[in-house]
Amino acid sequence: MSKIAIITGGSRGIGRAVALAAAAAGYDVAISYRSERGAADEVVRRVRAQGRRGLAVAADSADEAAVINLFAEVDRALGPVDALVNNAGIVGRTCRVDEMTAEDVGRVLAINVTGCFTAAREAVKRMSTRHGGRGGGIVNISSAASRLGSPGEFVHYAASKGAVDTFTIGLAREVANEGIRVNAVRPGMIDTEIHASSGSPERIARIIPTVPMKRIGTPDEVAQTVLWLLSDSASYVTGAIIDVSGGR
């Protein structure tokens with residue numbers, strides 16, 4: 001029987017790459033998306049072209065009811081989830097802390113932190129042997145920003161990813177004896193549209209000289225790390241946070 005993976009924010013960037021890599025690895029794939037229906041449908045088409053079942057569900061990760069519905073739709077259409085990749089996230093408005101509003105911070109935390117908790121909760125309810133599940137894997141997408149702080153740009157985003165790191169460690173230890181492994185990947189500078197959408201399209205060129213490998217990473221490089229963490233090759237790995245950042 002095929003395993004089933006849910007990737008939040010799977011219509012573009014790293015999420016899209018993870019969805020396609022999961023299909024190539026033999027998973028049936030469900031993705032969530034917030035507004036880009038066309039992009040989400042294209043990911044599903046490519047998943048199905050690999051001979052796997054695919055599903056796209058509109059779900060804002062900040063909306064608890066929408067996340068609950070996402071998992072219910074996957075239960076109905078595909079079956080119980082085996083792998084969750086908590087990828088949905090935003091960087092928020094580029095600004096200093098003394099220019100931020102409570103709304104700026106709240107939206108970032110609602111998607112990047114609360115949304116991560118909510119999706120993991122729903123996954124654990126289905127995966128945990130404590131609840132009659134067959135086990136599974138969760139990978140949270142963090143960021144090198146959690147180590148670097150992103151001063152002058154995205155301190156709120158960096159702080160949210162620091163919370164994701166801590167959440168990963170805590171949840172991993174909480175469910176380690178229930179058949180679930182929980183890990184995180186911290187991408188560095190990756191070639192996605194998130195930089196332009198945050199209002200900083202020049203950021204890539206500015207940051208590359210600070211990367212020891214002197215190049216930007218690709219979504220596929222992140223996706224392969226995620227799939228390794230979900231695979232049996234990582235069967236004794238839980239609570240780990242792996243940097244995919246070119247040494248930065």
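Does A88 satisfy the criteria of being without any contact (Cβ under 8 Å) to a residue 60 or more places away in the chain, under 30 Å from N177 (Cα atoms) and in a loop (DSSP other than H, G, I, E, B)? Steps first, answer last, please.
Details: without any contact (Cβ under 8 Å) to a residue 60 or more places away in the chain: no; under 30 Å from N177 (Cα atoms): yes; in a loop (DSSP other than H, G, I, E, B): yes.
No: the conditions fail for A88.
Looking only at region 91-112, count every residue that is part of a helix (DSSP H, G or I) and not basic (K, R) and tell me the total. Let's see the steps before the verdict.
To start, the set of residues in region 91-112 that are part of a helix (DSSP H, G or I) comprises 97-99, 102-112.
In the following step, the residues that additionally are not basic (K, R) were identified as 97-99, 102-106, 108-112.
Qualifying residue count, region 91-112: 13.
Does any residue in region 9-33 that is part of a strand (DSSP E or B) come within less than 6 Å, Cβ to Cβ, of a residue that is modelled with pLDDT under 95 six or more places away or on a different chain, and which pairs are these?
Short answer, once both residue conditions are applied: D28/S2.
Identify, by number, the condition in (1) of a type in the set (A, V, I, L, M, F, W, C); (2) over 26 Å from A172 (Cα atoms); (3) crowded, with 22+ Cβ neighbours inside 10 Å that A77 doesn't meet.
(3)
So, in region 47-66, exactly how many residues are in a helix (DSSP H, G or I) and either among the charged types (D, E, K, R) or closer than 17 Å to V29 by Cβ (or both)? So that I can check it myself, show each step before the final result.
Taking region 47-66 as the starting set, the residues that turn out to be in a helix (DSSP H, G or I) are 47-49, 64-66.
Add one more test, that the residue is either among the charged types (D, E, K, R) or closer than 17 Å to V29 by Cβ (or both), and what stays is 47-49, 64.
Adding up the residues that qualify gives 4.
Identify, please: which residue in region 95-127 is of a type in the set (G, A, S) and within 14 Å of the chain's Cα centre (by Cα) and is, among those, farthest from A72 (Cα to Cα)?
Filtering region 95-127 for residues of a type in the set (G, A, S) gives 102, 106, 110, 115, 119-120, 123.
From what is left, the residues that are within 14 Å of the chain's Cα centre (by Cα) are 115, 119-120, 123.
Details: G115: 16, A119: 12, A120: 14, A123: 11 Å.
So, considering only residues that are of a type in the set (G, A, S) and within 14 Å of the chain's Cα centre (by Cα), the one farthest from A72 (Cα to Cα) is G115.
When you scan region 118-147, how many residues do you find that are assigned to a helix (DSSP H, G or I), among the hydrophobic types (A, V, I, L, M, F, W, C) and either free of Cβ contacts under 8 Å to residues at least 40 places away in the same chain or out of contact with any Asp or Glu (no Cβ under 9 Å at 6 or more places or on another chain) (or both)?
So the first thing to find is which residues in region 118-147 are assigned to a helix (DSSP H, G or I), and the list is 118-127, 129-131, 145-147.
Imposing the further condition that a residue be among the hydrophobic types (A, V, I, L, M, F, W, C) reduces the set to 119-120, 123-124, 127, 145.
From what's left, either free of Cβ contacts under 8 Å to residues at least 40 places away in the same chain or out of contact with any Asp or Glu (no Cβ under 9 Å at 6 or more places or on another chain) (or both): 119-120, 123, 145.
Qualifying residue count for the region: 4.
Every residue, every condition in (1) in contact with a helix residue (DSSP H, G or I) (Cβ under 8 Å, 6 or more places away or on another chain); (2) surrounded by 24 or more Cβ atoms within 10 Å (Cβ to Cβ); (3) more than 17 Å from P219 (Cα to Cα); (4) not charged (D, E, K, R), yes or no:
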| position | (1), (2), (3), (4) |
| --- | --- |
| K3 | no, no, yes, no |
| Y27 | no, yes, yes, yes |
| A40 | no, yes, no, yes |
| A65 | no, no, yes, yes |
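I'd like to check which helices (runs of 4 or more DSSP H) are fully inside region 148-232 and have at least 3 residues that are buried (at least 18 other Cβ atoms within 10 Å of the Cβ).
Passing ranges, in order: 155-175, 219-230.
Criterion first (of a type in the set (V, I, T), more than 30 Å from R206 (Cα to Cα) and in contact (Cβ under 8 Å) with a residue 40 or more places away in the chain) does T94 satisfy it?
On the way: of a type in the set (V, I, T): yes; more than 30 Å from R206 (Cα to Cα): no; in contact (Cβ under 8 Å) with a residue 40 or more places away in the chain: yes.
Criteria not met by T94.
Residues are listed down the side, and each one gets a yes or a no for (1) charged (D, E, K, R); (2) under 24 Å from T114 (Cα atoms); (3) out of contact with any Pro (no Cβ under 6 Å at 6 or more places or on another chain):
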site: S146; (1), (2), (3): no, yes, yes
site: T166; (1), (2), (3): no, yes, yes
site: R173; (1), (2), (3): yes, yes, yes
site: P187; (1), (2), (3): no, yes, yes
site: D220; (1), (2), (3): yes, no, yes
site: Q224; (1), (2), (3): no, no, yes
site: W228; (1), (2), (3): no, no, yes
site: D232; (1), (2), (3): yes, no, yes
site: Y236; (1), (2), (3): no, no, yes
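So which residues in region 202-230 are in contact with an Asp or Glu (Cβ under 9 Å, 6 or more places away or on another chain) and modelled with pLDDT under 90, if there are any at all?
R203, I204
The values are calculated or read from the model by the stated rules, or taken from the named source; none is laboratory data. What you see is a predicted model, and the numbers here were worked out from it, not measured in a lab. Reconstructed Cβ throughout: ideal geometry from the backbone, glycine too, with neighbour counts over all protein chains shown.
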